[in-house]
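Here the structure is laid out as structure tokens; the discussion comes afterwards.
The values are calculated or read from the model by the stated rules, or taken from the named source; none is laboratory data. Quick caveat: nothing in here was measured; it's all calculated off a predicted structure. Positions of Cβ are generated from backbone atoms using ideal geometry, with glycine treated the same way; all protein chains shown enter the neighbour counts.
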């Protein structure tokens, strides 16, 4: 008789203040120029859509999105590097797009570093297309880096 190993599926839940330690650890592990704790606190305080992805009782990633006037703006989506290439980024993005639709948004947009090849590929695969560039948007070690502005329709 062979044993079948069952891998637990990631779960989503709203982010809360108790998650900030784990969220900040992921942010610092993933980004050279991470958001501060104050930024995350402000996102929670103003009521942005802040979600965490849990895997095996640990926060493995998170997403933050603002929704207003028919438009969702994905502000930050991040998966801990230990969980990369396991579909968690796609799962987070899919969940954020579902939430945007629940809030009656008809468009989603985000910014991404053009040098973040994995993220750009994921967004393009998920139906995002380039609609513009924000010049000198991201901090860098040698000046500022542009951001690609990507958008997609949320029509089903």
Take the residues in the range 86-130 that are part of a helix (DSSP H, G or I), within 25 Å of residue 14 (Cβ to Cβ) and without any contact (Cβ under 8 Å) to a residue 24 or more places away in the chain; name whichever of them is nearest to the chain's Cα centre (by Cα).
98
In the range 22-56, how many residues are over 20 Å from residue 93 (Cα atoms) and either modelled with pLDDT under 95 or touching a helix residue (DSSP H, G or I) at 6+ places or on another chain (Cβ under 9 Å) (or both)?
5
If we scan the range 146-153, do we find a residue that is modelled with pLDDT of 95 or more, loosely packed, with under 15 Cβ neighbours inside 10 Å and farther than 29 Å from residue 21 by Cα?
yes
